[in-house]
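The values are calculated or read from the model by the stated rules, or taken from the named source; none is laboratory data. Here the structure is a predicted model, which means the values were calculated and not measured. Here the Cβ positions follow ideal geometry from the backbone for every residue, glycine too, while neighbour counts run over all protein chains shown. Accessible surface areas use protein heavy atoms only, side chains included; no ligands, DNA or RNA. Shrake-Rupley method; radii C 1.70, N 1.55, O 1.52, S 1.80 Å.
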Amino acid sequence: MSALLDVRNVETFYGPIMAIAGVSLAVNAGQIVTVLGANGAGKSTLLKTISGAIDCRKGQVLFEDKEIQNRDPDVVAARGIGHVPEGRDVFPFMTVEENLLIGAYGRGDRDAVKRDFETVYQYFPDLKTKKHDRAGFLSGGQQQMLAIGRAFMGRPRLMLLDEPSLGLAPLLTQTIFQIIRRINGEQGVAVLLVEQNAHAALEVAEHGFIMEVGRIVMDAPSPELMASDDVKEFYLGQS
Ligand code: ATP
């Protein structure tokens, strides 16, 4: 069986700077996979390359066996990939409900869209209470929930999540990770999760990739990574 997402030898540059130096990775349907690495390792650039926000110079990105590298982001989204960028990126002057509706843009199945609103409100009850509030007035955690909910409204088969726990208190981080697990388990959405919080990410993901300066330096099932002395020392804060 071929992978849902298959990234092959991708190179991405910012002008003369090579940010991704030949990365290959795969995500199977329904799987959660994490990419860990220090600041500047190239994790966000990798997600942006997959979603079409940045073009790659070399390599291929295959989604459901079709090439999607260097396509426009709206084309990639319509194919079934939802990107939740770092920093939440909600529309602050629009209400929660309007933000979610934008996520469903292009979908013709009105009844299913209605049901998906309810699913998002069930996962994130705070969003239901605040559905008529402007997104800019939400807390950081609620904006993160909204960004995930908005991507879900596009009914993706793969979600790219960029540091969903960034700046959140530990309890809220736990909540966000529980919801990621539920969206994956109950809705069958595969997840490619970029995280600084290696512990939480390896607990939720089946498989992990470690990136350093634009390259994958290690890749293994999560339990193996958690047991590795190098990973413990450099990413899990233990030696
Ligand atoms: P972070 O967690 O800090 O976002 P990251 O692993 O996601 O780190 P990237 O943001 O992908 O890393 O950055 C990879 C490299 O590309 C870094 O050296 C960074 O300085 C560089 N870079 C990122 N964005 C740009 C840009 N717009 N222009 C030039 N260089 C960039």
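Please enumerate the residues belonging to segment 37-47 that are modelled with pLDDT under 95 and either open to solvent by 10 Å² or more (accessible area, probe 1.4 Å) or more than 7 Å from the ligand (Cβ to nearest atom) (or both).
Across segment 37-47, the qualifying residues are Ala38, Asn39, Gly40.
Could you list, in sequence order, all residues of segment 193-204 that are open to solvent by 10 Å² or more (accessible area, probe 1.4 Å) and either closer than 8 Å to Leu36 by Cβ or part of a loop (DSSP other than H, G, I, E, B) (or both)?
Those that are open to solvent by 10 Å² or more (accessible area, probe 1.4 Å) and either closer than 8 Å to Leu36 by Cβ or part of a loop (DSSP other than H, G, I, E, B) (or both): Gln196, Asn197.
State all residues of segment 20-33 that are within 13 Å of the ligand (Cβ to nearest atom) and buried (at least 23 other Cβ atoms within 10 Å of the Cβ); if no residue qualifies, say none. Let's see the steps before the verdict.
Quick first cut of segment 20-33, residues within 13 Å of the ligand (Cβ to nearest atom) only: 20-21, 23.
Once the filter is applied, which keeps residues that are within 13 Å of the ligand (Cβ to nearest atom) and buried (at least 23 other Cβ atoms within 10 Å of the Cβ), segment 20-33 yields Ile20, Val23.
With the checklist (1) open to solvent by 70 Å² or more (accessible area, probe 1.4 Å); (2) modelled with pLDDT under 95 in hand, flag the one item Val231 doesn't pass.
Among (1) open to solvent by 70 Å² or more (accessible area, probe 1.4 Å); (2) modelled with pLDDT under 95, Val231 violates only (1).
Taking the stated definitions as given, is Asp109 of a type outside the set (Ser, Thr, Tyr) and either free of Cβ contacts under 8 Å to residues at least 40 places away in the same chain or out of contact with any helix residue (DSSP H, G or I) (no Cβ under 9 Å at 6 or more places or on another chain) (or both)?
yes
Failed condition for Ala77, given (1) in contact with a helix residue (DSSP H, G or I) (Cβ under 9 Å, 6 or more places away or on another chain); (2) within 25 Å of Val213 (Cβ to Cβ), with all others met?
(2)
What are the pairs, 6+ residues apart or on separate chains, where a residue within segment 13-31 that is touching a residue at least 12 places away in the same chain (Cβ under 8 Å) and farther than 15 Å from Lys43 by Cβ has its Cβ under 6 Å from a residue that is of a type in the set (A, V, I, L, M, F, W, C) and away from the ligand (no atom under 16 Å from the Cβ)?
Short answer, once both residue conditions are applied: Ala26/Ala3; Asn28/Ala3; Asn28/Leu4; Ala29/Leu4; Ala29/Ala190; Gly30/Ala190; Gln31/Ala190.
If you take the residues of segment 205-218 that are outside any strand (DSSP E or B) and surrounded by fewer than 20 Cβ atoms within 10 Å (Cβ to Cβ), which of them is modelled with the lowest pLDDT?
Here the answer is Val213.
Out of all the residues in segment 128-138, is one or more within 16 Å of the ligand (Cβ to nearest atom), open to solvent by 60 Å² or more (accessible area, probe 1.4 Å), out of contact with any strand residue (DSSP E or B) (no Cβ under 6 Å at 6 or more places or on another chain) and modelled with pLDDT under 95?
Checked against the condition, which is being within 16 Å of the ligand (Cβ to nearest atom), open to solvent by 60 Å² or more (accessible area, probe 1.4 Å), out of contact with any strand residue (DSSP E or B) (no Cβ under 6 Å at 6 or more places or on another chain) and modelled with pLDDT under 95, segment 128-138 yields no hits at all.
Does at least one position in segment 168-182 carry a residue that is polar (S, T, N, Q) and in contact with a Ser or Thr (Cβ under 8 Å, 6 or more places away or on another chain)?
yes
Is one or more of the residues making up segment 153-168 part of a helix (DSSP H, G or I), farther than 22 Å from Lys43 by Cβ, more than 16 Å from the ligand (Cβ to nearest atom) and open to solvent by 30 Å² or more (accessible area, probe 1.4 Å)?
no
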